[in-house]
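Note sheet for the following structure.
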Amino acid sequence: MATKLWASKAASYLRISVFHRGFATVVKDLKYADSHEWVKVDGNSATVGITDHAQDHLGDVVYVELPEVGKEVKQGDSFGAVESVKATSDVYSPVSGKVVDVNEKLGDSPGLVNGSPYEDGWIMKVEISNKDELNSLLDSEQYTKHCEAEDQKH
Amino acid sequence: MRVLTRSLEVWRLGVLNYLEALKLQEKLVTDRKSGKITDTLLSLQHPPTYTLGKRQTVHNLLVSESQLKSMGAELHYTQRGGDITYHGPHQAILYPIISLRDIGFGARKYVETLELTMIELASLHGVKAHAGESGETGVWVGERKIGAIGVRISSGITSHGVAFNIDPDLSYFEHIVPCGIADKEVTSLKREVDSDLPAEELIHEQLISCFVRLFGYNNVIWKDNPSLCDQQS
């Protein structure tokens, strides 16, 4: 109980919302795809990664297949893959544009995706070509509801 | 109370060449993604075949490719997770092509349930198997590996799957570092069981039944020797 209280206080300070059911965090001010990728938009630049819910459901990440810098990505298309527990899972780009940077640290430390999915575990940076597409993404509340609905299936 | 029908179509394919099985899976994954077909399970065996996962850990292959050929074995590079492994006759393979989103499973839960499937099969024969510890996904009897897993998940649809050693020629494993784990043995149901094993066909059926039960299917459609040509339409 005390931990939950602390978590809620810390959460509101850090501007994240914690849903107590599974303790997977969802960060406000990010946009989300229903395939569990997040995107942080800053002008025309977007940083992309996978969510806490995603990393929790994947297990310990042992390998991240990064896209090549310069590659064109399209919203909804696969841009790489993540391997965990002998499963490779495709990851999908929430935005369209050109890959301008990838997180090379994931080569030696793929576990950053688990430990810090919204910060150090970022996967790629994209120069967005179509900002209107952001409107089709979910906000943090909608994404939270989406996760709850999915998790109720079993 | 509304009971949801969960249907699984099971294809019993006998011995099928690796590339043909791969092509079939790719077609089924596309069809499953578009909702053309229901969850499907392929039950089969391969002729002697070595496969690598997405990380292409070819350093775990201890012989040259030409030596493999002279043994009558093939080598394939795949997009599945996991390290190098061997498939061959008398090894039961299941390739589930199912929608994880429909059951709300993530990769971890899916793989854990696949492990349970093989653990249950082993227990039907009095063998106490267990899941690997962290990083050693698969099914073990003591320190010996009896079942391997390597899967791919694309848009929430699975492909590749599991390989359970009924009584394969284990010497084929000597030419690789199986699953990249150097100091552990590979075993088979035959080795672990004191008495004679029942017919292999029965063991394949038992594996399928364990899968059906653990994944909660309540409607099973059997498709034996389906014509692979049907899949080109």
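Condition check: more than 11 Å from every other protein chain (Cβ to nearest Cβ) and either in contact with a Leu (Cβ under 7 Å, 6 or more places away or on another chain) or free of Cβ contacts under 8 Å to residues at least 40 places away in the same chain (or both). Does A:Asp108 satisfy that?
The answer is yes for A:Asp108.
Out of the strands (runs of 3 or more DSSP E) lying entirely within segment B:45-118, which hold 2 or more residues that are aromatic (Phe, Trp, Tyr) and touching a residue at least 12 places away in the same chain (Cβ under 8 Å)?
Answer list for segment B:45-118: none.
Take the residues of segment A:50-88 that are farther than 30 Å from B:Ala131 by Cα and assigned to a strand (DSSP E or B): which is nearest to the other protein chains (Cβ to nearest Cβ)?
Filtering segment A:50-88 for residues that are farther than 30 Å from B:Ala131 by Cα and assigned to a strand (DSSP E or B), the one nearest to the other protein chains (Cβ to nearest Cβ) comes out as A:Ser78.
Go over the candidates B:Gly147, B:Gly142, B:Gly216, B:Gly138 one by one and state the one that is within 14 Å of another protein chain (Cβ to nearest Cβ), surrounded by fewer than 23 Cβ atoms within 10 Å (Cβ to Cβ) and not β-branched (Val, Ile, Thr).
Answer to the check: B:Gly216.
Restricting to segment B:150-174, name every residue that is within 14 Å of another protein chain (Cβ to nearest Cβ) and of a type in the set (A, V, I, L, M).
B:Val151, B:Ile153, B:Ile157, B:Val162, B:Ala163
Here is a yes/no grid of residues against (1) closer than 16 Å to B:Tyr95 by Cα; (2) modelled with pLDDT under 95; (3) in contact with a helix residue (DSSP H, G or I) (Cβ under 9 Å, 6 or more places away or on another chain):
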| residue | (1), (2), (3) |
| --- | --- |
| B:Asp194 | no, yes, no |
| B:Gln206 | yes, no, yes |
| B:Ser209 | yes, no, yes |
| B:Asn225 | yes, yes, no |
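Looking only at segment A:139-154, which residues are buried (at least 19 other Cβ atoms within 10 Å of the Cβ) and either in contact with a helix residue (DSSP H, G or I) (Cβ under 8 Å, 6 or more places away or on another chain) or within 14 Å of chain B (Cβ to nearest Cβ) (or both)?
Residues satisfying the conditions are A:Cys147, A:Glu150.
When only residues in segment B:40-56 that are under 21 Å from A:Val85 (Cβ atoms) and surrounded by fewer than 21 Cβ atoms within 10 Å (Cβ to Cβ) count, which is farthest from the other protein chains (Cβ to nearest Cβ)?
Looking at the filtered set, the residue picked out is B:Gln56.
The values are calculated or read from the model by the stated rules, or taken from the named source; none is laboratory data. Please read these numbers as outputs of a predicted model, since none were measured by experiment. Note that each Cβ is placed from the backbone with ideal geometry, even for glycine, and that neighbours are counted across all protein chains shown.
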